[in-house]
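These notes are about the structure you will find just below.
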Amino acid sequence: MKHNLTTVTYFIIKGISDVPELQVLIFVLVLLIYLTVLAGNITLLLLVCLDSHLHTPMYFFLANLSIVDMTSSTVTLHKILLMFITGDNKMSYLACMAQSYMFGCLSGHGIFILTAMSYDRYVAICRPLNYHAMMNLKVCLLLASFCWIFGFVQVIPFIWLISEISCFSTNIIDHFYCDLVPFMEIACSDITVLGSLNIVQGMVIYIITPFLLISISYIFIIWTILKIRSSTRRRKAFYTCSSHLTVIILLYTSLILQYAIPDNGLGSKKLFSLFNTAMVPVLNPLIYSLKNKDVKMAFMRRIEGLGRGRWRSFIVK
């Protein structure tokens, strides 16, 4: 049964699974993941803000990435948690548009920030003597501002085209958030332009351009590292890039699994999407903290500072 756009005032979000026996398990799992995302990224963000040793371009961009991870997880996972708590799986048309817009903005911004971080790593290894001049505060702010502004702007054509869809075959969205692909699947009007824009802009903005820029940076980085004669210096130079490179591989693997591999009909798309929207934000701060000596030392300094403060207050009392 087709509905006119004016009569579709809300959508029904099916969620991750329809199996009743799994609902409590899914709720607990999603809640734990979400709390871990908040705890890990807030901790990393506070360390970058409070510890002067982390006031460098790399950690400036990492703080931006933490904000993106927390916000994108909140945008996508909050509805799942509310559905379990209230039992209401309805979402208004405007709320669905807003969620789709915000997720698209934050996804693009995350990729752009990682691209800017690859340029930072290139300058740090290939142009170390000019690093502070080339990656000064003004440059960092300009790069971050471009990532945020372009992230918000590049999704506008998609949202405008979605708002122009004249009818839907159903108001049930077979997903746990309002993504572009589920919208296209239930549209009963012509979506040729939207589909073409999704392929072209998705390939150019999300895959080809960032991947090429990151690849070019790492080609120069690897070439420079290979020319270092000292094995110790060579290993140290590569180690400074290992966290960023791990996050890049993790991100593009999750995107390929989510969008490039066909759905097998068993909900694999939802699982890959959950990994991209929930597990990647969990792993990002872990990767940067476990593989990064500066972050671990900053964390220990904060812990020691808190311990000394409590000990002083105990002595005063």
Yes/no for ILE42 being under 20 Å from MET279 (Cα atoms), β-branched (Val, Ile, Thr) and buried (at least 19 other Cβ atoms within 10 Å of the Cβ)
no
If you scan the stretch 221-237, which residues turn out to be open to solvent by 100 Å² or more (accessible area, probe 1.4 Å) and under 22 Å from ASP294 (Cα atoms)?
ARG233, ARG235, LYS236
Checked the stretch 137-166 for anything more than 24 Å from the chain's Cα centre (by Cα), farther than 30 Å from PHE183 by Cβ and surrounded by 12 or more Cβ atoms within 10 Å (Cβ to Cβ); matches are none
Quick check, is VAL24 at negative phi, open to solvent by less than 20 Å² (accessible area, probe 1.4 Å) and of a type outside the set (D, E, K, R)?
no
I'm told ASP190 meets every condition in (1) open to solvent by 50 Å² or more (accessible area, probe 1.4 Å); (2) over 21 Å from SER273 (Cβ atoms); (3) in contact (Cβ under 8 Å) with a residue 12 or more places away in the chain; (4) not small (Gly, Ala, Ser) except one. Can you identify the failing condition by its number?
(3)
Going by what's in this entry, would SER196 be described as open to solvent by 20 Å² or more (accessible area, probe 1.4 Å) and out of contact with any helix residue (DSSP H, G or I) (no Cβ under 8 Å at 6 or more places or on another chain)?
yes
Restricting attention to the stretch 82-91, does a residue exist that is among the hydroxyl-bearing types (Ser, Thr, Tyr) and either in contact with a Leu (Cβ under 6 Å, 6 or more places away or on another chain) or in a loop (DSSP other than H, G, I, E, B) (or both)?
no
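The values are calculated or read from the model by the stated rules, or taken from the named source; none is laboratory data. The model shown is predicted, which means the values in this text are computed figures rather than measured ones. With ideal geometry, Cβ positions are generated from the backbone for all residues, glycine too; neighbour counts draw on all protein chains shown. Side chains included, ligands, DNA and RNA excluded: accessible areas come from the protein's heavy atoms. Shrake-Rupley method; radii C 1.70, N 1.55, O 1.52, S 1.80 Å.
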